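Comments concern the structure below.
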Amino acid sequence: MSEWACLITGASRGIGAALAVRLAKPGRLIGINYSASDAAAAAVAKAVEAKGARAILLKADISDAAAVDAMFEKLPDLDALVLNAAAAPGYARLHETPPAEFERQWRVGALGAALCCRKALPGMMKRKAGRVVFVVTSAAQGAAPGFLGAYVSAKYALLGLARAVEAEAGPRGVSVACAFPGMTDTDMIKDFPRPVVEAARETAGGLSSPEDIAETLAALVEAA
């Protein structure tokens, strides 16, 4: 019996790392994509393998088409793809946000996901099986927050991509799901103003942990 294979983008830390460990079981291959943090990614791989799964480290800038092509050459046909990678959000007024920040957010958060889908979907559609999970954000539901214009616009683009993938690949056996986590206690929010973070902690739901979000994502990935 072949391994069940899942690729998680942005899996060296935070939500992606927690999900990699949560999905790890004997008979599974977990692809750990990351862009820079070799030591952190290696630690995730070690934790995955401690649970009996096989880990493969996939260092690649997913906003680079050639890097994505090379990454997928190392992967078998995927059973699941989790599009979790995102650039750490800057916190600034819209008119003070430089154009380069918009491009950085869009390239990682939206283009990177599109490039991965471009490589993963043909095999899934040929086999009429597979799951693609898009990690969006609660900020893409309801009223968008201020001071996160570049980040939120990239996430809305990701949501639009998810709908397009669902329309094209859904009728050919590929299931598509979106998750909308709220503010999560990861390195992504380390540069946020402390009053904003503390206010989130004091809300009814409080800050989520990466492990909490990983449970939600795992349910989407493993849904029958």
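The values are calculated or read from the model by the stated rules, or taken from the named source; none is laboratory data. Keep in mind the model is a prediction, meaning the values are calculated, not measured. Ideal geometry is used to build each Cβ from the backbone, glycine not excepted, and the neighbour counts take in all protein chains shown. In case anyone asks, the SASA skips ligands and DNA or RNA and just uses the protein heavy atoms, side chains included. Shrake-Rupley method; radii C 1.70, N 1.55, O 1.52, S 1.80 Å.
Using only Cα atoms, tell me the angle between helix 112-127 and the longest principal axis of the chain; keep it within 0 to 90° and round to the nearest 10. That works out to roughly 30 degrees. Using the average count of surrounding beta-carbon atoms within 10 Å as a protection proxy, the listed peptides 54-62, 133-141 rank, highest first, as 133-141, 54-62. Between segment 105-152 and segment 1-71, the alpha-carbon centres lie 17 Å apart.
In the chain, what is the count of Lys pairs whose alpha carbons are under 27 Å apart, counting only pairs at least 8 residues apart or on separate chains? Number of lysine pairs found: 24.
Computed from Cα atoms, the angle from the helix 38-50 axis to the main principal axis of the chain rounds to 50 degrees. In order along segment 132-141, phi translates into HN-Hα couplings of 10, 10, 9, 8, 9, 5, 4, 5, 9, 10 Hz, rounded to whole numbers, per the Karplus curve 6.51 cos²θ - 1.76 cosθ + 1.60 with θ = phi - 60° and x for Gly and Pro.
The portion of the accessible surface of the chain made up by carbon and sulfur, rounded to a whole percent, is 56 (1.4 Å probe; DNA, RNA and ligands excluded). The listed residues Trp4, Trp106, once ranked by accessible area (1.4 Å probe) with the largest placed first, stand as Trp106, Trp4.
Sorted from greatest to least, the principal axis extents spanned by the alpha carbons of segment 110-191 come out as 43, 24, 18 Å.
Between helix 149-169 and the chain, what is the angle of the helix's C-alpha long axis to the longest principal axis, kept within 0 to 90° and rounded to the nearest 10? Its long axis makes an angle of about 30 degrees. The calculated P(r) of the chain, using every Cα pair and 5 Å bins from 0, goes 1, 7, 15, 20, 21, 17, 11, 6, 2, 1, 0, 0 in percent. Per residue, the accessible area of the chain comes to 47 Å² when a 1.4 Å probe rolls over the protein heavy atoms.
From the protein chains alone at 1.4 Å, what is the descending order of accessible area for Glu73, Glu49, largest first?
Accessible-area ranking of Glu73, Glu49, largest first: Glu73, Glu49.
Translational diffusion coefficient of segment 38-152 (Stokes-Einstein, Kirkwood radius from Cα pairs, 10 °C, 1.306 mPa s): 98 µm²/s.
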